[in-house]
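Chemist: Dumping the structure here so I can ask a few things about it.
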Amino acid sequence: RGWGRFFFEHWIHLHPTVRPCDLYPGREFMWGKANVPEGDYVKELRMAPRFDFDTFNIEGWDHKPKEAFAVDMIWEFDMLYDQRPDEKNWWGWEFYNTTYVEMIQPSIEPLTT
């Protein structure tokens, strides 16, 4: 799901046990390398994602529903790791819409038994 550097970043950040963190409290730095703060800034350690899904929406970006991202990620967890995220503690349940994911989670069968 990416090319070059993005392939490796996607692969390493996708593991179902990843617990992402965020140090930068501002909203102006959201995508890629645009608006990266320069120099010293006050760091505020928080679990990521710090903001809700819609905060990351780029104007004009026609994306699939946020719930579909969770379905795709679970498929990738199965394919790459044969492993699922923790049912209660994975950051993605709330970020991608907990209600929908809880509804579909039991219907997604693991690849192995």
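Chemist: Write out, first by first residue and then by second, each pair whose Cβ atoms fall under 6 Å of each other, whose residues are 6+ apart or on separate chains, and whose first residue, in the stretch 8-25, is part of a strand (DSSP E or B) while the second is open to solvent by less than 40 Å² (accessible area, probe 1.4 Å).
Modeler: CYS21/ALA48; ASP22/ALA48; ASP22/ARG50
Chemist: Give all pairs with beta carbons closer than 9 Å in which a residue from the stretch 60-87 that is more than 14 Å from HIS10 (Cα to Cα) and touching a residue at least 40 places away in the same chain (Cβ under 8 Å) meets a residue that is aliphatic (A, V, I, L, M) and crowded, with 16+ Cβ neighbours inside 10 Å; count only pairs at least 6 apart in sequence or on separate chains.
Modeler: These pairs meet every condition: ARG84/ILE74; PRO85/MET73; PRO85/ILE74.
Chemist: Here is a follow-up. Right, PHE77: of a type in the set (Phe, Trp, Tyr), open to solvent by less than 90 Å² (accessible area, probe 1.4 Å) and not in a loop (DSSP other than H, G, I, E, B) or not? Spell out how you get there, then give the answer.
Modeler: Numbers: of a type in the set (Phe, Trp, Tyr): yes; open to solvent by less than 90 Å² (accessible area, probe 1.4 Å): yes; not in a loop (DSSP other than H, G, I, E, B): yes.
It is true that PHE77 is of a type in the set (Phe, Trp, Tyr), open to solvent by less than 90 Å² (accessible area, probe 1.4 Å) and not in a loop (DSSP other than H, G, I, E, B).
Chemist: Quick one: would you say MET30 is modelled with pLDDT under 85, within 14 Å of the chain's Cα centre (by Cα), among the aliphatic types (A, V, I, L, M) and closer than 21 Å to ARG5 by Cβ?
Modeler: yes
Chemist: I want to confirm something. Restricting to the stretch 49-63 and keeping residues that are open to solvent by 70 Å² or more (accessible area, probe 1.4 Å) and modelled with pLDDT under 80, which single residue is farthest from MET30 (Cα to Cα)?
Modeler: Initial filter on the stretch 49-63 (open to solvent by 70 Å² or more (accessible area, probe 1.4 Å)): 52, 54, 57-62.
In the following step, the residues that additionally are modelled with pLDDT under 80 were identified as 57-62.
On the way: ASN57: 9, ILE58: 9, GLU59: 13, GLY60: 15, TRP61: 14, ASP62: 17 Å.
Selected residue: ASP62.
The values are calculated or read from the model by the stated rules, or taken from the named source; none is laboratory data. Nothing here was measured: the structure is a model prediction, and the numbers come from that model. In this analysis, Cβ positions are derived from the backbone assuming ideal geometry, glycine residues included, and neighbour counts consider all displayed protein chains. In case anyone asks, the SASA skips ligands and DNA or RNA and just uses the protein heavy atoms, side chains included. Shrake-Rupley method; radii C 1.70, N 1.55, O 1.52, S 1.80 Å.
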